[in-house]
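Taking it in order: structure first as structure tokens, then the write-up.
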Amino acid sequence: MHITVEKLAKAYGLLWALREINFELKPGEFVAILGPNGAGKTTLLRILAGLVLPTGGSVRLDGAMLSRGTTALRTKIGFLAPADHLYENLTVKENLHFFTSLYHQKKNFDAINQALKTVNLTDRAGEYVVNLSSGMKCRLSIAKWQLLQPDVLLLDEPYGVLDGSGVDLLEGFLQGQCAEGRIVVVASHHVSRVLKISSRALILNQGRLTFDEVKREPWPNFDKAYGEFLPHGESWRS
Amino acid sequence: MALLRETYLLLWKDLLLELRRRDSLLTMFFFGTLLLFVFHFSFDPAPEKVAAMAPALLWLAFLFTGTLGLAQLFHAERENHCLDALLLSPLDRGALFLAKSCFNLVLMVLVEIVVIPLFWILFNLRSWNLLPQLFLVTLLGTVGFCVLGTITSAITLRARARELLLPLVLFPLMIPVILATIRCMENVLRTGEFGDAIPWLRLLIGFDVIFLTVGVLIFDWVIES
């Protein structure tokens, strides 16, 4: 799966959330999208997910334009919102059953049980989602996308709700996805954590793409580009 | 077939959630019966006059009750941004429209099954033998209400004052359905058969078919705009 973003722009009324965004994503890439609040990270993810239509420009998946009505392409895109996208009054198992059926991937109970075991939610399988903590909901979302196996997985600020073992679980899952040739895109403010596992970084500022490089060590260009968003005298590594 | 399978899946989910929460059905049921009691204490006409007023009074109750249900129609999808989760999936948007319309229809029919006989008891009407025909007309009108209600509910979904906006958009569009249903019911109550009301019945069926088809075709645009 290749993603090509060309001249992407999004305006909310008179405010441009994104302007002239161009980049390409190749199979197996783990991309960190960074930038200050209001930079356009979530808007970019939502456009890549097909949830928001751009004002201008295009997003192409293997050459096919992502637009309204392209439902077949949607099986290839996953969006992991840490504690969202789950029905609160369905049980953990019912949620997984519902969403796998929605993606025409009706999994048997063994596959669902195995996914729940991976995220340590086996003993919560019959519980309503409303009774789960945010961290547990995030684990359930991981199980959901583990079952659905999309070619592109987008994540918006996934670290905030997870404890230490949850972070390990998430990072192991994401690295596994990349190892299998899938694309992972993470928008986050946890710069040091996300850069530890990503292979490339994009920086957005006021809706414009100001930095796009493959990770290297040392990385003076990134230090300089991201430094302006940090409190005076601080490093993103700290 | 995929459309029907997805519709069934979404309907199963909505019915299961309603079975567990029961907010929409209970609210609609109590509001519907409450309105009947208000009508009962407000008017005390002779039975023959009640028969003439019954269709309008019943539809007044159904409209207000149904609007309560429509306001809650996408409640589960608003929680936890579940609508995004549905739109993210390869789901045919027409299936979402059909499932929501069917779900609202189930709730309305359950309320009507209680409200119509209760109306007959409260106003001491004797024409019980006409109830099957009246239920048929009510069902056709309810289908129109649910289909149009689902479209308008989706249009107003992201509006700030959606509860206020919904009836303002829906009620004017519902005029043909209300008019046709009331005329049909009046005729059945007066003559015991459809007779002169057949053109109204055709209008009702036509309205249902047209808006059901239009809904399936345009719901993609409506829900994603």
Check: residue B:49: which lysines have alpha carbons under 18 Å from its alpha carbon, excluding same-chain residues fewer than 8 sequence positions away?
Finding: none
Checklist line | With Cα atoms, 0 to 90° folded angle of helix A:109-118 axis to chain A main axis | finding: 50 degrees
Note to self: I need the Kirkwood Rh of segment A:3-227: take the reciprocal of the average 1/r across all distinct C-alpha pairs and report it in angstrom.
What the structure shows: 18.1 Å
Checklist line | Greater than 29 Å apart at Cα, pairs in A:144/A:224; A:137/A:215; A:196/A:224; A:26/A:196; A:41/A:93 | finding: A:144/A:224; A:137/A:215; A:41/A:93
Margin query: Could you tell me the center-to-center distance, by alpha carbons, between segment B:184-225 and segment A:125-188 in angstrom?
Written below: 47 Å
Check: Given the Cα atoms of the protein assembly as shown, and with Rh set as the inverse mean 1/r over their pairs in the Kirkwood sense, what is Rg to Rh to two decimals?
Finding: 1.08
Checklist line | Top positive-direction residue, dipole computed over the protein assembly as shown with Cβ charges, set B:150, B:178, A:33 | finding: A:33
Notebook entry, point to check: For segment B:1-106, which trypsin sites (Lys or Arg not before Pro) are both in a DSSP coil and crowded by at most 14 other Cβ atoms within 10 Å?
Noted result: B:22
Check: Roughly how big is the protein assembly as shown's charge dipole about its Cα centre, with Cβ charges of +1 (Lys, Arg) and -1 (Asp, Glu), in debye to the nearest 20?
Finding: 340 debye
Check: Where does chain A land at 222 nm, in deg cm²/dmol rounded to the nearest 500, when only DSSP H runs of n ≥ 4 count, each adding -39500 (n - 2.57), divided by all residues?
Finding: -9500 deg cm²/dmol
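Read-outs throughout are calculated quantities, based only on the coordinates presented, and are distinct from any laboratory measurement. This is a predicted model, so every value here is computed, not measured. All Cβ positions, even for glycine, are placed from backbone atoms using ideal geometry, and neighbour counts span all protein chains on display.
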